[in-house]
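Here is the structure we will look at, set down as structure tokens.
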Amino acid sequence: MNILIIYAHPSNKSFTYKVLQTLLKALNMGNHRVEILDLYKMKFQSDMTEEEYEREGFAKTELPLSEDVIEEHRKIEWADAVIFLYPVWWSDCPAKMKGWFDRVYSVGYAYGYDKNGGKTVKMKKIKLGLVICTAGHPNEFLDKTGIAESMRNVMLDDRLGIRFGKKEMIILGGTLELEKVANSHLEKIMNVGINMDEF
Ligand SMILES: Cc1cc2nc3c(=O)[nH]c(=O)nc-3n(C[C@H](O)[C@H](O)[C@H](O)COP(=O)(O)O)c2cc1C
């Protein structure tokens, strides 16, 4: 499988980085081709420019796309599976990744409308979309408060939406007491990586 990992964390000292390393180790054990988009490392531009807003805000698909956005589209078209990996910040992905959706999910590509008002998507339908996020709060708290459900709604139902076949979200919670959860979380990711084909 061609697997694209879209990763957003600014520090290599983080637990999320350890999750990335574990995931890569597991995926390397399978017959996969893996590409990582490390959004902080590549200094991905997450802010939309005024020119881009002119295109996106008014669906002016005749206006050109930025070169870096076109490059991201090429990577999406290559992928059979996309894994989004990030820490939960204020109940969502970091702004860096939110900006990836703002700019890369451009009108006429990730969404659009035909003459009759029907929805059109030019983007390739990707077999699997897997969202992995680390969270300070324990999973029980995120479930009880409805935050986990809202994160699933936004990431899986809206952002991945009809563009992906199978969709799954794994929340690795309780990282404020890391020593209690780290091993079982990393074991889970190892198993997920090894069994990617079974999704
Ligand atoms: C700016 C910021 C906002 C955060 N917001 C949340 C949050 O809304 N919910 C939550 O469970 N954890 C939150 N956390 C905790 C992180 O999710 C947690 O530190 C991370 O998942 C795991 O640590 P890492 O940074 O070492 O990878 C936040 C952390 C930071 C730095």
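When the residues of the range 91-124 are filtered to those that are of a type in the set (D, E, K, R) and modelled with pLDDT under 95, the one that is farthest from the chain's Cα centre (by Cα) is Lys115. The residues in the range 19-48 that are among the charged types (D, E, K, R), surrounded by 14 or more Cβ atoms within 10 Å (Cβ to Cβ) and in contact with a strand residue (DSSP E or B) (Cβ under 9 Å, 6 or more places away or on another chain) can be counted, and the count is 1. Of all residues in the range 142-164, at least one satisfies being assigned to a helix (DSSP H, G or I), in contact with a helix residue (DSSP H, G or I) (Cβ under 7 Å, 6 or more places away or on another chain) and within 16 Å of the ligand (Cβ to nearest atom).
Scan the range 96-153 residue by residue and report those that are within 30 Å of Phe15 (Cα to Cα) and charged (D, E, K, R).
Of the range 96-153, the ones within 30 Å of Phe15 (Cα to Cα) are 96-105, 126-153.
Selection gives Lys96, Lys98, Asp102, Arg103, Lys127, Glu140, Asp143, Lys144, Glu149, Arg152.
Please indicate, with yes or no, whether at least one residue in the range 166-177 is modelled with pLDDT of 95 or more, among the hydrophobic types (A, V, I, L, M, F, W, C) and part of a helix (DSSP H, G or I).
Taking the range 166-177 first, the residues modelled with pLDDT of 95 or more are 166-177.
Filter again for among the hydrophobic types (A, V, I, L, M, F, W, C), leaving 169-172, 176.
Filter once more, keeping what is part of a helix (DSSP H, G or I): 176.
Yes, the range 166-177 has at least one match.
Exactly one residue out of Val104, Val82, Val88 is in contact with a helix residue (DSSP H, G or I) (Cβ under 6 Å, 6 or more places away or on another chain) and in contact (Cβ under 8 Å) with a residue 12 or more places away in the chain: that is Val104.
For the range 88-105, does any single residue satisfy the condition of being on the phi > 0 side of the Ramachandran plot and surrounded by 14 or more Cβ atoms within 10 Å (Cβ to Cβ)? Full working, then the answer.
First pass over the range 88-105, keeping only residues on the phi > 0 side of the Ramachandran plot: 90-91.
The next check asks that each one be surrounded by 14 or more Cβ atoms within 10 Å (Cβ to Cβ); those that pass are 91.
Taking every residue of the range 88-105 in turn, at least one turns out to be on the phi > 0 side of the Ramachandran plot and surrounded by 14 or more Cβ atoms within 10 Å (Cβ to Cβ).
For (1) in contact with an Asp or Glu (Cβ under 7 Å, 6 or more places away or on another chain); (2) closer than 16 Å to Glu168 by Cα; (3) exposed (fewer than 13 other Cβ atoms within 10 Å of the Cβ), each residue gets a yes or a no:
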{"site": "Tyr109", "(1), (2), (3)": "no, no, no"}
{"site": "Lys127", "(1), (2), (3)": "yes, yes, no"}
{"site": "Leu130", "(1), (2), (3)": "yes, yes, no"}
{"site": "Cys133", "(1), (2), (3)": "no, yes, no"}
{"site": "Gly146", "(1), (2), (3)": "no, no, yes"}
{"site": "Glu149", "(1), (2), (3)": "no, yes, yes"}
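Looking for something under 27 Å from Gln21 (Cβ atoms), loosely packed, with under 12 Cβ neighbours inside 10 Å and polar (S, T, N, Q) - is there at least one such residue anywhere in the range 162-184? There is at least one residue in the range 162-184 that is under 27 Å from Gln21 (Cβ atoms), loosely packed, with under 12 Cβ neighbours inside 10 Å and polar (S, T, N, Q).
The values are calculated or read from the model by the stated rules, or taken from the named source; none is laboratory data. The model shown is predicted, which means the values in this text are computed figures rather than measured ones. Cβ atoms come from the backbone with ideal geometry, glycine included; neighbour counts cover every protein chain shown.
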